[in-house]
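S.K.: Got a structure here, written out as structure tokens. Questions coming.
Derivation of every value follows stated rules applied to the coordinates shown; laboratory data play no part. Model, not experiment: these values are computed from the prediction. Reconstructed Cβ throughout: ideal geometry from the backbone, glycine too, with neighbour counts over all protein chains shown.
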Amino acid sequence: FTNTGFFNIRLRREFVFLFDSFDPTNTESLELPSGTSYANNVVIARYFSDQRKKFSYNLSTRSGGYFNGSRINFEGSFGYRLQPYGVISMDFAVNSIRLPEPYASADLVLFGPKFDLTFTKNVFWTTFFQYNSQISNLNINSRLQWRFKPVSDLFIVYTDNYFASSFEHGELISVGQPKYRSLVLKLTYWLNL
């Protein structure tokens with residue numbers, strides 16, 4: 001579009017051959033047998049708004065056949081740019097997988113806010129949270145970056161993963177025990193030899 005927005009739609013024919021048995025829902029249910037093949041038609045549509053605006057977004061869908069059933073996917077991202085301090089955004093993905101009996105069906109949700117802040121032209125801080133219903137995981141990742149020379153950076157990264165014990169009606173009820181926690185220091189330095 002003249003405002004730099006973008007829309008795309010296409011029809012895709014997909015073919016999948018399973019060399020190993022596979023559960024598309026990852027719910028430890030009955031797996032599709034190895035040696036089977038699946039041909040499906042899928043409609044894919046995407047829209048990106050004018051990325052020059054302070055508020056921008058993109059939305060997409062990928063819907064149609066999925067192995068021996070169907071899937072409706074809807075995902076996107078909303079972002080607000082706070083000049084010159086950074087960007088606040090929210091990513092999300094929803095998948096509704098429907099497989100015939102005796103295979104499992106599932107509704108999968110993934111969403112996460114992200115904060116990308118600029119303190120100076122050399123110091124940046126990025127933090128994102130992500131909830132994944134497929135593996136019942138809540139992830140926190142925070143990274144502080146200091147660019148002390150061109151192409152030379154010091155990163156301090158903190159990551160925390162939790163079992164999400166209970167999530168109902170779009171609201172996190174409780175968070176379980178930590179799965180994984182780390183604090184990482186990374187240094188990159190450009191050697192011009």
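S.K.: Suppose we flag trypsin sites (Lys or Arg not before Pro) only when DSSP calls them loop and at most 16 other Cβ atoms lie within 10 Å. Which is the longest uninterrupted stretch of the chain?
M.R.: Numbers: sites that count: Arg52, Lys53, Lys54, Lys121.
Longest run free of exposed loop sites: 122-193.
S.K.: Roughly how compact is the chain, stated as its Cα Rg over 2.2 N^0.38 Å to two decimals? Working shown, then result.
M.R.: Values: Rg = 20.8 Å, N = 193, 2.2 N^0.38 = 16.3 Å.
Output field value: 1.28.
S.K.: Could you tell me which of Leu138, Ala93, Gly79 has its Cα farthest along the dipole of the stretch 53-193 towards the positive end, charges placed at Cβ (Lys, Arg +1; Asp, Glu -1), taken about the Cα centre?
M.R.: Positive-most Cα among the choices belongs to Gly79.
S.K.: Which one, Tyr85, Tyr57, Tyr47, has the greatest fluctuation when you compute a Gaussian network model over the chain with C-alpha springs under 10 angstrom?
M.R.: Fluctuation is largest for Tyr85.
S.K.: Report the longest stretch of the chain that contains none of the GluC sites (Glu not before Pro) sitting in a DSSP loop with at most 16 other Cβ atoms within 10 Å. Provide the component values of the computation, followed by the final result.
M.R.: Working: sites that count: Glu28, Glu31.
Free of exposed loop sites, the longest segment is 32-193.
S.K.: If we count every other residue with Cβ under 13 angstrom of Tyr85's Cβ, Lys/Arg +1 and Asp/Glu -1, where does the sum land? Provide the component values of the computation, followed by the final result.
M.R.: On the way: positive: Lys54, Arg81, Lys121; negative: Asp116.
Combined, the nearby Lys, Arg, Asp and Glu give +2.
S.K.: Would you kindly derive the ³J(HN,Hα) couplings of the stretch 140-148 from the backbone phi angles with the Karplus curve 6.51 cos²θ - 1.76 cosθ + 1.60 (θ = phi - 60°), listing them in order in whole Hz, with x for Gly and Pro?
M.R.: Result, rounded to whole Hz: 10, 9, 10, 10, 9, 10, 10, 8, 8.
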